[in-house]
Amino acid sequence: MRILALSDIHIDYDENRQWIADLSDSDYKADVLLLAGDVSHKFDQLMRVISHLRGKFYKLFFVPGNHDLWIRAENWTDSVHKFNAIIDFCRKNDISIQPESVPNAGKRRLTIYPLFSWYTEPQEGEDTLYWHKPGEDPQNRMWSDNYFISWPNSVSPFHPVTYFTHLNESMMNVNPQGRVITFSHFIPRQEMMFNEFPPIIDMEKIKKYDRNPRFNFSRVAGSSLIDQQLRRLQSSIHVYGHQHINRDREVEGVRYLSHALGYPNERKRGMLRGIQNGLKTVLEI
């Protein structure tokens, strides 16, 4: 058995949809896939693809990403309404969205915890992963969530990070069996965003290579509350997505890794290391 990782498959692109369709129907029957969000903003497409993937693997774990909660010409009250519909579908179709022990792990007992998550923008709290970028747009006006995510209207402001973190709290009392692996869509700590940390700001490189100099990804990257929760669970490996930059590194005793399919143009430019070899093996049992 292998524990495998993948995220950000964005199957609204024909090439990505074909990439998923071409995954073997037989090679992964003994394996577990952690799918760390961003399948499609179209509900019917998302349901179809995760059902298709469920048939290829021994077990499929899933957490939604921000694209999965977009509302575009669909009949949803808000993004929480859509989130609940996705979770309900997963429960009814044997797609794991709660902590579970992997029964075939043998003596190396293993528990996998999906962590629901969101990002904290710099003005919203100390758990933000924000890092200043010279020349950035403080409103991040090119960020699509600003237009396609809709939170519930209520008397008090709705805080998505608080909402999703609270959902995870109900799972914290599940006693893990042996080793723990966690995964989330969003990034758990600042180090994961950069090749080196603290990052060196090179204005010449920004001018030469940055395709979106006004966009600052760190504003919408994730939350340090994710890291707090995974460490409370004593996770040894954490899988994440969202940034479309594939990494595998250890920080303070935890191995963090991402393995995104990303957009076709990103793969053509060689931005996604390792994806040409297929799924990422997190652990072999």
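The values are calculated or read from the model by the stated rules, or taken from the named source; none is laboratory data. Predicted model only: the values in this text are computed from it and were never measured. So basically every Cβ, Gly included, is an ideal-geometry build from the backbone, and we count neighbours across all protein chains shown.
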Practice problem: Go over the candidates H41, H81 one by one and state the one that is surrounded by fewer than 23 Cβ atoms within 10 Å (Cβ to Cβ), at negative phi and in contact with a Phe, Trp or Tyr (Cβ under 7 Å, 6 or more places away or on another chain). | Solution: H41
Quiz item: Taking the range 64-78, which residues are loosely packed, with under 14 Cβ neighbours inside 10 Å and among the β-branched types (V, I, T)?
Solution: T77
Quiz item: Quick one: which of S96, S117 is closer than 17 Å to F186 by Cβ, modelled with pLDDT of 95 or more and not hydrophobic (A, V, I, L, M, F, W, C)?
Solution: S117
Practice problem: Starting from the range 19-31, take each residue that is over 23 Å from I112 (Cβ atoms) and list its partners that are among the aliphatic types (A, V, I, L, M) and surrounded by 10 or more Cβ atoms within 10 Å (Cβ to Cβ), counting only C-beta distances under 7 angstrom and pairs at least six apart or across chains. | Solution: W19/L261
Quiz item: Taking the range 8-31 as the region of interest, how many residues are under 23 Å from F83 (Cα atoms) and either in contact with a strand residue (DSSP E or B) (Cβ under 8 Å, 6 or more places away or on another chain) or part of a loop (DSSP other than H, G, I, E, B) (or both)?
Solution: 6
Quiz item: Among the residues of the range 179-193, is any under 22 Å from D145 (Cβ atoms), surrounded by fewer than 17 Cβ atoms within 10 Å (Cβ to Cβ) and in contact (Cβ under 8 Å) with a residue 60 or more places away in the chain?
Solution: no
Practice problem: Would you tally the residues in the range 258-270 being crowded, with 22+ Cβ neighbours inside 10 Å and either on the phi > 0 side of the Ramachandran plot or of a type outside the set (G, A, S) (or both)? | Solution: 3
Quiz item: Which pairs have Cβ atoms under 9 Å, sit 6 or more apart or on different chains, and link a residue in the range 125-150 that is under 21 Å from S79 (Cα atoms) and in a helix (DSSP H, G or I) to one that is of a type in the set (A, V, I, L, M, F, W, C) and modelled with pLDDT of 95 or more?
Solution: D145/L69; D145/W70; D145/V220; Y147/W70; F148/L69; F148/W70; F148/I71
Practice problem: Pick out the one residue from R231, R249 that is basic (K, R), surrounded by fewer than 14 Cβ atoms within 10 Å (Cβ to Cβ) and either outside any loop (DSSP other than H, G, I, E, B) or at pLDDT 95 or above (or both). | Solution: R249
Exercise. Say whether the condition of being under 27 Å from Q139 (Cα atoms) and in contact with a Pro (Cβ under 7 Å, 6 or more places away or on another chain) is met by at least one residue in the range 262-276.
Key: no
Quiz prompt | Selection within the range 12-43 - over 20 Å from N277 (Cβ atoms), out of contact with any His (no Cβ under 8 Å at 6 or more places or on another chain) and of a type in the set (A, V, I, L, M, F, W, C) | solution = F43
Exercise. Scan N168, N212, N195, N265 and give me the residue that is of a type in the set (S, T, N, Q), assigned to a helix (DSSP H, G or I) and within 23 Å of E121 (Cα to Cα).
Key: N168
Quiz item: N75: part of a loop (DSSP other than H, G, I, E, B) and without any contact (Cβ under 8 Å) to a residue 40 or more places away in the chain, yes or no?
Solution: yes
Self-check item: Options A260, A221: the member that is in contact with a Phe, Trp or Tyr (Cβ under 8 Å, 6 or more places away or on another chain), aliphatic (A, V, I, L, M), within 30 Å of R17 (Cβ to Cβ) and touching a residue at least 12 places away in the same chain (Cβ under 8 Å)
Solution: A221
Quiz item: So, of the residues in the range 151-178 that are without any contact (Cβ under 8 Å) to a residue 60 or more places away in the chain and among the aliphatic types (A, V, I, L, M), which turns out to be farthest from A73 (Cα to Cα)?
Solution: L167
